[in-house]
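Accompanying notes for the structure given below.
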Amino acid sequence: MNTIAELFNALLFDYTLRTVAMGAAVLGIVAGALGAFAMLRRQSLLGDAMSHAALPGVVLIFILTGVKSPIVLMLGAAIACGAGVLLIIAITRHTRIKEDASMGIILSVFFGFGLMWLTWLQRSGTAGQAGLNSFLFGQAATLLVADVIVMAAFGGVALLVMVIFWKEFKLLSFDRDFGAGLGYPMQGLDILITMLLVVAIVIGLQAVGVVLMSAMVVAPAVAARQWTNRLEHMVALSSVFGALAGVSGALISSLARGLSTGPLIVLCISAIVVFSLAFAPNRGLVWNAIQRRRRRHQFRDDRVLVSLYHMAQQHDTLSHPHSARAVQTMHMRPAEVHSSLQTLARRNLVEPVNGNQWALTPAGIAEAEKHL
Amino acid sequence: MNAATNSTNTTSKTTNKTTEVTRDQPSALAGVTPPPTHVTAHDTAHDTAQAIGNDTVPDARAIEVTDLTVAYGERPVLWDVDVHVPQGTLMAIVGPNGAGKTTLIKAMLGLIPVAAGQVLIYGQPYSEQRHLVGYVPQRGSVDWDFPTSVLDVVTMGRYGALGWLRRVRNSDRELAMQALYKVGMQDFADRQISQLSGGQQQRTFLARALVQDAQVYLMDEPFQGVDATTERAIVQLLKELRAAGKTVLVVHHDLQTVPEYFDWVTLLNVRRIAGGPVDEVFTDENLRLTYGGRVNFLTRSPQPAPETDVPAPHNVASDKTAPER
């Protein structure tokens, strides 16, 4: 309890932590929302390829300009991201290589160049290159208020564009051909939403890093899909999950020295994903298992009820009682008959008679006739 | 309807001049349904033509596809195809797998690049008449686990009329609801689309096309994977569309039902083998030419239509737009 109170205290009054948490929240919101569209368009992996492809852009623009301001580095990242996407599209369209393979090619080639230039830069001892390798795994602690403002500005614009073209993006994601038939330029919308995804990825690189950024695109969307069947709810929920993971990651990393924020954010969102995959109603694994079990029991109960009915038909009244033993002879698993009878008794469909016998109630007769 | 169909010769290519005069034909049926305002709005010059009525202007070409050629790389998928459909006709497009039926529809809609040819809708290029054309894609072309409801999907049919930036209004949802009533899906409006059966998915797509309030409908296998009840419901719907003066082009697989469901038929196998009124062109001979002469198709057998395997285009680029599923 105490630690939690302290954490919130720190969140409110610790300047650095507050900045980091805000930055993480912004990237979670933006990546969550746009990641939801990416997932629905089966482009989750594209997010991964794009974030890796950003690294050479960051390094190269620093080599060229010698400037390390976040806007300049983001610009470099965005250019490399965009170039990577265009190359993936071009490779897929003009060769026989399928999209997954072309994403793999671009991811590794771009990332390879990025790493090479980065290590070369470090060895050469160029002045001021020190912060660059934080783009690899992210270093949220280095976020300044100015960085967060830049992130929020670009992210805000991206989200605004998403809202403005909501209807069109929905059409693009669900039925591209139909949208084209309506006269919308689907190719252009495709490029636009991919550019928005570039923005979402680029603003998160400094905090989470190129290696883990794709998790912030994929994971919140996967978790959100589990809980809702409405696009608007899914996108909103995905943002909430992203923000939640961002803030919790920042808080947890502040608990001890040496805990890196980026990986902790990713671990938090992973925890949300695991929980959602297991427990979400209708889609969760645990939920489904419970439903299956319930249906199986229901089916068994119905059959016991019908057995009682058939046996009573041999007598002058349908409420003629029989022993559990007699019912058991009609079932494959006699042991389960008893628990079914108990359930049916709780539902007032059967009632015990003379201690060890069971008879259908009027409600039970009606229910049994439904299942004949 | 027959007045229009009988006197139209499919094989001849009429000049655009003739169709120009008659492209307001839907309004001739104003007694049946109110004429769609967008047809007449931009074309008041032809008001007199409507007054003459269907019988005196028999050559109302709703769809004119001329010399359409589509190629994936070196390989032609459609070669020099002509399809002329008079207004108020239900036309089936039949042919073996890989014959280019879906490609034909997609090319007509401008979804895939064409190597040659033109598509006229009521005498004007398709690009200018887009709002007159409704499209029912193959059911399998979308992800039915998309997080959205039936009503939402049907409302998408209104997006074209809405245009950029405008939000969906309640009146749009009401139109969508009416369309759901027409296909008997009103009770499923709020259902998540992944919970639909194949037939219900198909009817959802049909409702979405109805909401478009088009004059010409292009439907890609609306009967695929639906049960007998749904099939009857769809046929009923097609006949209502025809009665309202709409023109419907349907990619169809079941040869047995062609004479029963459709007025006209186009037999397609990369080239157009034959096209015209069913009783004229739907012959054993033409079917043999289309399918490669393996089976007697018109002998009433309980089996579904035979599917001849024509090798599908094999290069990578074509996989995404392969003519058949």
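Report the local net charge at A:Val274: Lys and Arg +1, Asp and Glu -1, summed over other residues whose C-beta lies under 15 Å from its C-beta. Walk me through the numbers on the way to the answer.
Working: positive: A:Arg225, A:Arg283; negative: none.
Neighbour charge sum, excluding A:Val274 itself: +2.
Mean separation of Cα pairs under 8 Å and 6 or more residues apart, divided by the residue count, gives chain A a relative contact order of 21 percent.
How crowded by other chains is B:207-215, given as the mean number of beta carbons from other chains within 10 Å of each beta carbon? Intermediate values should be presented prior to the final figure.
On the way: counts 0, 2, 2, 0, 0, 3, 0, 1, 0.
Mean partner-chain Cβ count within 10 Å for B:207-215: 1.
Residue ranges A:168-176, B:141-149 sort as A:168-176, B:141-149 when ordered by packing (mean number of other C-beta atoms within 10 Å per residue, highest first).
For A:Asp177, A:Asp316, what's the fewest-to-most ordering of other Cβ within 10 Å of each Cβ?
Values: A:Asp177 20, A:Asp316 6.
In increasing order of surrounding Cβ atoms, one gets A:Asp316, A:Asp177.
Please give the direction-averaged projected area of the C-alpha convex hull for region A:137-272, in square nanometres with one decimal. Provide the component values of the computation, followed by the final result.
Numbers: hull surface 34.4 nm².
Taking the Cα atoms of region A:137-272, their convex hull projects to 8.6 nm² on average.
The spacing between region B:198-247 and region A:297-318, judged by their C-alpha centroids, is 46 Å. Out of every Cα-Cα pair that region A:70-144 contains, those further apart than 19 angstrom amount to 48 percent.
Normalised by 2.2 N^0.38 Å, where N is the number of residues, the C-alpha radius of gyration of region A:62-211 stands at 1.20. The fraction of all Cα pairs in region A:127-209 landing in successive 5 Å bins from 0 to the largest distance is 3, 14, 19, 16, 13, 11, 9, 7, 5, 2, 1, 0, given as whole percents. Once you order the gyration tensor axes a ≥ b ≥ c over the Cα atoms, which shape class does region A:309-372 get: rounded for a/c under 1.5, otherwise prolate or oblate by comparing a/b with b/c? Rounded is the answer for region A:309-372, as its axis ratio a/c remains below 1.5.
Highest average first, the peptides B:132-139, A:341-348 ordered by how many other beta carbon atoms sit within 10 Å of their residues are B:132-139, A:341-348.
The charge dipole of region A:1-137, taken about its Cα centre with unit charges on the Cβ of Lys, Arg, Asp and Glu (plus for the first two, minus for the last two), comes to roughly 420 debye.
Restricting the calculation to Cα atoms, region A:8-72 shows an Rg/Rh of 1.11 when the hydrodynamic-style radius is the Kirkwood one.
What does the structure give for B:191-204 when I average, per residue, the other chain Cβ atoms found within 10 Å of the residue Cβ? Present the calculation step by step, with values, prior to reporting the outcome.
On the way: counts 1, 4, 2, 3, 2, 0, 0, 0, 0, 0, 0, 0, 0, 0.
For peptide B:191-204, the averaged partner shielding equals 1.
Could you put A:Thr329, B:Thr89 in order, starting from the residue whose Cβ has the fewest other Cβ atoms within 10 Å?
Numbers: A:Thr329 11, B:Thr89 24.
Going from sparsest to densest Cβ surroundings: A:Thr329, B:Thr89.
Of all DSSP bridge pairs formed entirely within the protein assembly as shown, close to 60 percent run antiparallel.
Note on region B:85-156: Rg/Rh from Cα positions, Kirkwood definition for Rh, rounded to two decimals, is 1.00. Across region A:1-121, the fraction of Cα-Cα pairs farther apart than 25 Å, rounded to a whole number, is 41%. As a quick test, which of the pairs A:Lys98/A:Lys170; A:Lys370/B:Lys182; B:Lys106/B:Lys239; B:Lys101/B:Lys239; A:Lys68/A:Lys98; B:Lys101/B:Lys246 have an alpha carbon distance above 29 angstrom in this structure? Going by Cα-Cα distance, A:Lys370/B:Lys182; A:Lys68/A:Lys98 fall outside the 29 Å limit. Over all Cα atoms in chain A, the spread is summed up by Rg and Dmax: 29.6, 101 Å. Quick check of the Kirkwood formula: for the protein assembly as shown, what is the inverse mean of 1/r over all pairs of different Cα atoms, in Å? By the Kirkwood definition, the hydrodynamic radius is 29.6 Å.
Over the whole of A:168-178, what's the average partner chain Cβ count within 10 Å per residue? Rounded to a whole number, please.
Values: counts 3, 0, 6, 3, 0, 5, 10, 10, 4, 12, 17.
Counting other chains' Cβ atoms within 10 Å and averaging over A:168-178 gives 6.
Ordering A:Phe178, A:Phe165, A:Phe62 from the fewest to the most neighbouring beta carbons within 10 Å gives A:Phe165, A:Phe62, A:Phe178.
So, counting K/R as plus one and D/E as minus one, what does the shell of residues with Cβ under 14 Å around A:Asp147 add up to?
Details: positive: A:Arg18, A:Lys68; negative: none.
Neighbourhood net charge equals +2.
Looking at region A:253-326 from every direction and averaging, what is the projected area of its Cα convex hull in nm²? Intermediate values should be presented prior to the final figure.
Working: hull surface 34.6 nm².
Over every viewing direction, the Cα hull of region A:253-326 projects on average to 8.7 nm².
Computed from the coordinates by the stated procedures, all read-outs in this text should not be read as laboratory data. Since the structure is predicted, the reported quantities are computational estimates derived from the model, not experimental observations. A quick note on method: Cβ atoms are made from the backbone with ideal geometry, for glycine too, and the neighbour counts reach across all protein chains shown.
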